[in-house]
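Here is the structure we will look at.
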Amino acid sequence: MSEEQSVEAVVHLYVDGMALAHAGALRKAFHPNASIIGNYDGKVEWLSLNEFIDAVASEGPTVAGSQPLIQIEAIDVTGDAATVKVVDEFAGMRFSDYLSLLKVEGRWLIVNKVYHLHS
């Protein structure tokens, strides 16, 4: 598996974890110290991983049998650092997520997520 494919697998784990409200998948995709940042309801939302997982869990899983939207628009890998732009949907809202990943002890992990909520 190439590094790009390994990064893409983490992105799919992240999107599936949100769609299924699966805390274990999200914890596997993100570094424990990751931040999730964006403008939400007119103010900057700056969440820890635990706060993000709690927010996902409060929405619950998407409708059973539906496939989550995932459009990977860009992947850039240099050594042990990577960035990904992905468009996805959560709780009926469409987002563009800019993910920063770092290879830690042989595993790619999302260390930062900056999102844009489409209106």
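The values are calculated or read from the model by the stated rules, or taken from the named source; none is laboratory data. Note that the structure is a prediction, hence the values are computed from the model and not measured. Every residue, glycine as well, gets a Cβ built from its backbone with ideal geometry; the counts of neighbours run over all protein chains shown. Please note that ligands, DNA and RNA were not included when accessible areas were found on the heavy atoms of the full protein model with its side chains. Shrake-Rupley method; radii C 1.70, N 1.55, O 1.52, S 1.80 Å.
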- Message: Of everything in region 37-69, what is closer than 16 Å to Val10 by Cα and open to solvent by 90 Å² or more (accessible area, probe 1.4 Å)? Give them in sequence order.
- Response: none
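Give the residues of region 1-31 that are of a type in the set (Gly, Ala, Ser), more than 22 Å from Thr62 (Cα to Cα) and either surrounded by 15 or more Cβ atoms within 10 Å (Cβ to Cβ) or touching a Ser or Thr at 6+ places or on another chain (Cβ under 9 Å) (or both), sorted by residue number. I'd like the intermediate steps shown before the answer.
The initial filter retains those residues of region 1-31 that are of a type in the set (Gly, Ala, Ser), namely 2, 6, 9, 17, 19, 21, 23-25, 29.
Within this subset, residues satisfying the condition of being more than 22 Å from Thr62 (Cα to Cα) are 2, 6.
Hit for region 1-31 is Ser6, nothing else.
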- Message: Being under 14 Å from Leu117 (Cβ atoms) and assigned to a helix (DSSP H, G or I) is the requirement here; does Ala55 meet it?
- Response: yes
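Filter region 1-31 down to the residues that are among the aromatic types (Phe, Trp, Tyr) and assigned to a strand (DSSP E or B) and list them by number.
Within region 1-31, just Phe30 meets the criteria.
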- Would you be able to tell me the number of residues in region 50-91 that are on the phi > 0 side of the Ramachandran plot and not hydrophobic (A, V, I, L, M, F, W, C)? 3
- Task: Pick out, from region 70-119, the strands (runs of 3 or more DSSP E) lying fully within it that include 2 or more residues that are open to solvent by less than 70 Å² (accessible area, probe 1.4 Å), touching a His at 6+ places or on another chain (Cβ under 6 Å) and under 20 Å from Ala25 (Cβ atoms).
- Result: 107-117
- Item | Residues of region 83-119 classified as more than 18 Å from Ile37 (Cβ to Cβ) and at pLDDT 95 or above, total | 6
- If Pro61 passes every condition in (1) assigned to a loop (DSSP other than H, G, I, E, B); (2) farther than 25 Å from Ser6 by Cβ; (3) without any contact (Cβ under 8 Å) to a residue 12 or more places away in the chain but one, which one does it miss? (3)
- Message: I'm told Ala34 meets every condition in (1) open to solvent by less than 50 Å² (accessible area, probe 1.4 Å); (2) in a strand (DSSP E or B); (3) closer than 15 Å to Phe95 by Cα except one. Can you identify the failing condition by its number?
- Response: (3)
- Note on the structure: Checked region 22-54 for anything small (Gly, Ala, Ser) and at pLDDT 95 or above; matches are Ala23, Gly24, Ala25, Ala29, Ala34, Ser35, Gly38, Ser48
